[in-house]
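One structure is given here, and the rest of the page talks about it.
Readers should treat all values here as calculations from the given coordinates under stated rules, not as data from a laboratory. Predicted model, so just to flag it, every value in this text is computed and none were measured. Every residue, glycine among them, receives a Cβ derived from its backbone with ideal geometry; neighbour counts consider all protein chains shown.
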Amino acid sequence: MAEYIKLIDVTKCTGCRGCQVACKQWNSLPAEKTGFTGSLQNPADLSFTTWCLIRFDELEKDGKLKWIMRHDACMHCDWPACVKACPSPGALTRTDEGAVIHNPKFCIGCKSCAVACPFGIPKYSKAQDKIAKCTLCYDRITDGKQPACVTACNTGALLFGRKEEMLEKAHKRAEQVGGLVYPGNPKYETHVLTILPAGIAPKDLSQMNPDPKMPATVLWWKNLFKPFTLIGIGGVAGASLLHYLIKGPHEAHEKKEGEE
Amino acid sequence: MSHHSKELIKVTDATERIAHWILAGSCLFCLISGLGLMFHSWSIIPTLLGGYYATKWMHIFSGVIFAMALVNAYIMWWKECIFEKDDLGWIMQGGGYLWPTDNLPPVYKFNAGQKAFFWCLIGCGIIIVVSGLVMLSPLVFPVVIARWAFMLHALGVMVLGSFFIVHLYLGTIGNPGTVQAMFTGKCTRAWCETYCPRWLAEHDQDPNKNIA
């Protein structure tokens with residue numbers, strides 16, 4: 001099965017929010033009531049019913065004002081912390097295509113994924129007691145279509161295609177504009193890549209983790225304490241049985257006559 | 001004074017036994033349901049409990065009972081579980097369980113191993129309960145704290161779960177006659193002379209003192 005990548009070219013984004021609308025429409029997500037906050041950021045953050053949005057940043061670089069509009073959604077990690085943390089089988093799945101999808105039917109609302117995610121993507125709804133997030137339009141891409149957000153993008157800021165092809169395109173484009181490919185960490189692959197404009201680093205932008213990785217706490221929890229819970233319980237039970245077989249039970253000794 | 005070694009002596013009262021079993025029952029239920037949530041291959045546990053969602057809530061409710069029973073256990077037993085000088089000697093000889101010894105320091109009510117289990121229970125219990133409370137609403141905490149909570153919850157279970165097996169073995173088949181202390185509350189005189197001689201001596205002075 002081919003793996004896919006969604007490419008976000010920040011240099012081409014005009015912040016039209018067509019992707020936000022298309023995402024809502026395809027996934028039947030209701031609009032949110034928002035207010036004016038003095039920023040173009042609207043809505044303020046991803047939510048249970050907003051799976052992608054444009055992040056707006058106003059920066060001063062070399063004495064010049066810069067507006068950065070960045071499409072943000074699930075990064076579809078190759079080795080997703082959310083899936084590793086999830087206790088309910090089938091609630092979160094890393095698919096062969098590279099999309100990380102959630103299934104509300106199996107979600108038990110434990111919020112483990114929301115805590116484990118290095119990007120803060122899964123969003124919880126108290127009313128539903130479940131989480132929701134971008135699925136990379138898994139229902140569309142398995143049908144040969146592009147994700148809804150990519151279809152709606154009219155400047156070419158969002159592209160979708162085969163992994164190898166998109167990787168090549170991302171690095172070519174980054175070189176062209178003199179910017180970075182994010183996350184750009186060969187040890188932390190994602191199925192979403194962001195091309196940042198020249199002179200802009202991830203730490204300059206809101207809600208962009210400069211060093212995304214599998215949280216160490218998740219590794220300790222799942223790779224060490226989890227197996228050692230069984231090894232500990234099983235080992236001690238085995239040792240107890242051996243003790244019983246070798247030394248035998250410790251009998252209460254009766255006090256002999258005249259001992260006192 | 002002449003006593004018969006098979007004579008039954010009341011070593012615990014009903015309050016103590018009920019407190020123990022509420023603590024043990026809620027702890028075991030939490031352990032089993034928690035293992036069912038931890039290991040995907042053990043889906044039989046959540047299935048028997050009525051599904052993953054039901055298991056989550058049962059785990060939480062059982063955890064609340066465990067937390068209350070833990071506080072009660074602390075209040076009931078902390079004084080008798082304070083380590084004293086003789087406990088070192090007991091530990092250095094492995095409590096007489098591992099190699100032959102004949103000069104174990106006489107124990108009052110709880111030996112050093114039991115005391116160690118008690119403090120392990122209190123320590124791990126606090127870690128498990130506090131991290132569990134954070135895990136109930138992890139998103140209101142800074143993400144670092146929430147992540148540590150999920151990790152420490154598992155660490156506490158790993159330690160307590162292993163120590164619990166020792167407790168189970170030594171409280172039942174490892175030391176015949178002991179389990180009665182938690183069921184009928186009565187153990188034989190020989191048992192008391194073996195496991196809590198100092199307590200027995202005091203008890204013989206005043207039988208109404210020092211139960212529970």
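Side notes on the structure shown:
- Violating pairs (Cα-Cα greater than 26 angstrom) within the set A:Lys12/A:Lys126; A:Lys66/A:Lys130; A:Lys222/B:Lys115; A:Lys203/A:Lys226; A:Lys6/A:Lys213: A:Lys12/A:Lys126; A:Lys66/A:Lys130; A:Lys222/B:Lys115; A:Lys203/A:Lys226
- Helix-only CD estimate at 222 nm, as mean residue ellipticity for chain B, using -39500 (n - 2.57) per DSSP H run (n ≥ 4): -21000 deg cm²/dmol
- When shorter helices are ignored and each DSSP H run of at least 4 residues is given -39500 (n - 2.57), the per-residue value for chain A at 222 nm works out to -7000 deg cm²/dmol.
- Computed log10 I(q)/I(0) for segment B:8-205 at 0.08, 0.12, 0.18, 0.19 Å⁻¹: -0.33, -0.69, -1.26, -1.36, from the Debye equation with unit scatterers placed on every C-alpha and solvent omitted.
- Annotation: Cα Rg of segment A:34-120 relative to the compact-globule expectation 2.2 N^0.38 Å equals 1.37.
- DSSP H segments from chain A that extend 18 Å or more along their own axis, Cα-based, with Kyte-Doolittle mean of 1.6 or above: none
- Cα Rg, Dmax, segment B:77-161, angstrom units: 17.8, 57
- Residue order for B:His203, B:His59, fewest other beta carbons within 10 angstrom first, comes to B:His203, B:His59.
- Hydrodynamic radius (Kirkwood) for the protein assembly as shown, which is based on Cα pairs only, to one decimal in Å: 26.2
- For segment A:1-213, pairs of C-alpha atoms spaced more than 21 angstrom apart make up 52 percent of the total.
- Label-point separation, B:Val130 to A:Glu58 (7 Å along Cα→Cβ), nm: 4.3
- Order by protection proxy (mean Cβ within 10 Å, highest first), peptides B:109-117, A:228-236, A:198-206: B:109-117, A:228-236, A:198-206
- Model label sites at A:Asn209 and B:Val64, defined 7 Å from Cα along the beta-carbon direction, differ in position by 3.3 nm.
- For the pair A:Leu65 and A:Leu219, label points projected 7 Å from Cα toward Cβ lie 4.4 nm apart.
- Prolate/oblate/rounded label for segment A:82-199 (Cα gyration tensor, a/c 1.5): prolate
- Relative exposure of A:Trp26, B:Trp21, B:Trp99, judged by other C-beta atoms within 10 Å (fewest first): B:Trp99, B:Trp21, A:Trp26
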